[in-house]
Every structure is written in C-alpha cells, then in structure tokens.
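A.B. asks: One structure coming up, written as structure tokens, with questions to follow.
Quick note: the coordinates plus some simple rules give every number you see, no bench work behind them. Just so you know, these numbers come straight off a predicted model, no measurement behind them. All Cβ positions, even for glycine, are placed from backbone atoms using ideal geometry, and neighbour counts span all protein chains on display.
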Amino acid sequence: MEMAEKGDQAHIDKMDEMKELMTKPGAMEEWFAGAQKEFDALPEDK
C-alpha cells in the first residue's frame, strides 16, 4: 500500500489486478496456487 500511495505504477497495476481477481470465484485461489508453485521452485537460502 505504501508504494502505491507513493505513486509506484507497478504496485498500482498489481493492486488493480488483485482487485479484479477478487471479483471472480476461484480466481484468487488459482493465482495463489500458481504463486506458491513459483515460490516452492526457488532455491533455498543458505
């Protein structure tokens, strides 16, 4: 929110995308599952 309030367009765009997902049943869960898959594929920090 802080970055969007400062006018950071990338954050504003992502917030708009998330708002749109929240209007469609199941879309947010689908997005989260994809994000989790990407996160799980990242290498472990050591």
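A.B. asks: Could you give me the residue pairs with C-beta distances under 6 Å whose first residue belongs to the stretch 15-26 and is over 15 Å from M1 (Cβ atoms), whose second residue is of a type in the set (A, V, I, L, M) wherever it lies, and which are 6+ apart or on separate chains?
C.D. replies: L21/A27; L21/M28; M22/M28
A.B. asks: Another one. Out of the chain, which residues are of a type in the set (G, A, S) and either outside any loop (DSSP other than H, G, I, E, B) or in contact with an Asp or Glu (Cβ under 7 Å, 6 or more places away or on another chain) (or both)?
C.D. replies: Hits for the chain are A4, A10, A27, A33, G34, A35, A41.
A.B. asks: Let me ask something else. Give all pairs with beta carbons closer than 9 Å in which a residue from the stretch 28-46 that is within 15 Å of M18 (Cβ to Cβ) meets a residue that is in a helix (DSSP H, G or I); count only pairs at least 6 apart in sequence or on separate chains.
C.D. replies: Listed by first residue and then by second, the contacts come to M28/M18; M28/L21; E30/L21; W31/E17; W31/M18; W31/L21.
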